[in-house]
1. Tell me, please, whether a residue that is under 14 Å from the mean Cα position of the chain (by Cα) and in the same structural domain as Lys136 (by TED's automatic domain parsing) can be found in region 55-62.
2. For region 89-110, does any single residue satisfy the condition of being within 18 Å of Glu64 (Cβ to Cβ) and surrounded by 12 or more Cβ atoms within 10 Å (Cβ to Cβ)?
3. If you scan region 121-147, which residues turn out to be farther than 13 Å from Ser59 by Cβ, touching a strand residue (DSSP E or B) at 6+ places or on another chain (Cβ under 6 Å) and surrounded by fewer than 21 Cβ atoms within 10 Å (Cβ to Cβ)?
4. Of the residues Leu97, Leu74, Leu135, which single one is assigned by TED's automatic domain parsing to the domain that holds Val46 and either touching a Cys at 6+ places or on another chain (Cβ under 7 Å) or in contact (Cβ under 8 Å) with a residue 40 or more places away in the chain (or both)?
5. Which residues, taken from region 116-129, are of a type outside the set (Lys, Arg) and in contact (Cβ under 8 Å) with a residue 12 or more places away in the chain?
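The values are calculated or read from the model by the stated rules, or taken from the named source; none is laboratory data. Because the structure is a prediction, the values reported are computed rather than measured. As a convention, Cβ positions derive from the backbone with ideal geometry for all residues, glycine included, and neighbour counts pool all protein chains shown.
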Amino acid sequence: MINDIVAIIWRTVFSNGLSVPNSSGDLVPSDQEYPLVSGSVDGLTVRNDVPNTSSIGSSFSDPEVLPGIRIVSLDGWDTNLRSYFYAADDFDRVNDLAQQIQHSGEINPLIVGLDDGGDPYIVEGLHRLGALIMLKKRAFPAMVVKESSDIYG
């Protein structure tokens, strides 16, 4: 009974959309923070293919992929393309992708990693992120990945 009460308190405290404890007590991203996609995100149809998933094994020692494709808000992300790109070729590629995305109305999900503090970063899809920023989108679809164990200590 005490364990049930503690679990309810923990879920209530952390149900603010940030993180919730799993059965081991580790904080994990909640469905409020990264809700599941249901067909489209910010007016774009989400394609089924997630490019470059092999990068997950290269970027994480013990990856845990949140089930399904998630909606990631651009709130809090740097929207200055110069923060991500320096080469003219990159800006050309971002511009071309923005035009393709706008014309097709479709987007392949990006891959977002969560650092040990829960902050998101792009594992795969930085040019797509740049295109979405150019198109003034407010959210994007992504496969969300984190380390499943504490490899740092």
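1. Our first condition is that a residue be under 14 Å from the mean Cα position of the chain (by Cα); within region 55-62, this holds for 56.
Going one step further and asking which of them are in the same structural domain as Lys136 (by TED's automatic domain parsing), we end up with 56.
Yes, region 55-62 contains at least one residue that is under 14 Å from the mean Cα position of the chain (by Cα) and in the same structural domain as Lys136 (by TED's automatic domain parsing).
2. Looking only at region 89-110, we keep the residues that are within 18 Å of Glu64 (Cβ to Cβ), and these are 109-110.
If we keep only those that are surrounded by 12 or more Cβ atoms within 10 Å (Cβ to Cβ) too, we end up with 109-110.
Among the residues of region 89-110, at least one is within 18 Å of Glu64 (Cβ to Cβ) and surrounded by 12 or more Cβ atoms within 10 Å (Cβ to Cβ), which makes the answer yes.
3. Passing the criteria: only Ala139.
4. Values: Leu97 fails: either touching a Cys at 6+ places or on another chain (Cβ under 7 Å) or in contact (Cβ under 8 Å) with a residue 40 or more places away in the chain (or both); Leu135 fails: either touching a Cys at 6+ places or on another chain (Cβ under 7 Å) or in contact (Cβ under 8 Å) with a residue 40 or more places away in the chain (or both).
The match here is Leu74.
5. Of the residues in region 116-129, the ones of a type outside the set (Lys, Arg) are 116-127, 129.
The answer is Asp116, Gly118, Pro120, Ile122, Val123, Glu124, Gly125, Leu126, His127, Leu129.
Okay, residues lined up against (1) within 22 Å of Val123 (Cα to Cα); (2) modelled with pLDDT of 65 or more; (3) out of contact with any helix residue (DSSP H, G or I) (no Cβ under 7 Å at 6 or more places or on another chain):
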{"residue": "Asn16", "(1), (2), (3)": "no, no, yes"}
{"residue": "Val37", "(1), (2), (3)": "yes, yes, yes"}
{"residue": "Ile56", "(1), (2), (3)": "yes, yes, yes"}
{"residue": "Pro63", "(1), (2), (3)": "yes, yes, no"}
